[in-house]
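Peer 1: Take this structure, written in structure tokens, and hold onto it; I'll ask about it next.
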Amino acid sequence: MDLRKIKKLIDLLEESNLAEIEIKEGEESVRLARVPQGGIAAAAPHVVHAPMHHAPVPAMPMHSPTEAASGGHAKHADLPEGELVRAPMVGTFYASPAPDKPPFVTVGQTVKAGDTLGIIEAMKMFNPIESEVSGTVLKILAESGQPVEFDQPLFVIG
């Protein structure tokens, strides 16, 4: 595929509300996807069969019932006092690096700033969730293998 065509695809993606675009010509294919600010992503050899002739639908902001009722901030009355570590993206949370490995952290464990607390799989990429503070893990709020939402509380560090 010609580099000029790829540049035009990048420009098209930047000018539109599309999250990703994929073009296939014969054996070659190019997939471009937007990366959220601060996110980590890489091109994946993943084929999505979708008609490309439909007009893009503008993205609508979505709010969970908690966000709608509380103005975007969930109340956490039953949580211990401490620093909340929140999900930086939507994806699947994993407490350990592999199903047969021990979890990164457990309740009562002391952690330092920068220690890995868990990982979130998003778009076939595994993104580490690191502690921003030093302290003790007071509570783990997410269950391994379960989907998490952006800004969902995952850990309480005290």
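Peer 1: Compute the accessible area per residue over region 72-158, keeping the other protein chains in place, probe 1.4 Å, unit Å².
Peer 2: Value for region 72-158: 59 Å² per residue.
Peer 1: Here's a follow-up. Report the label-to-label distance for R86 and A33 in nanometres (one decimal), using points 7 Å from each Cα along the Cα→Cβ vector.
Peer 2: Between R86 and A33, the simple spin-label model gives 2.3 nm.
Peer 1: Let me ask something else about it. Aspartates and glutamates near K112 by alpha-carbon distance under 14 Å, same-chain residues fewer than 8 away left out - which ones?
Peer 2: E83, E130, E132
Peer 1: In addition: Would you list which lysines come within 18 Å of K24, measuring only between C-alpha atoms, while excluding same-chain residues fewer than 8 positions from it?
Peer 2: Those lysines meeting the cut-off are K5, K7, K8.
The values are calculated or read from the model by the stated rules, or taken from the named source; none is laboratory data. Not measured: the values here are computed from a predicted model. FYI the Cβ positions are ideal-geometry reconstructions off the backbone, even for glycines, and counts take in every protein chain you see. When the accessible area is computed, the model is the full protein with side chains, heavy atoms only, and any ligands, DNA or RNA have been set aside. Shrake-Rupley method; radii C 1.70, N 1.55, O 1.52, S 1.80 Å.
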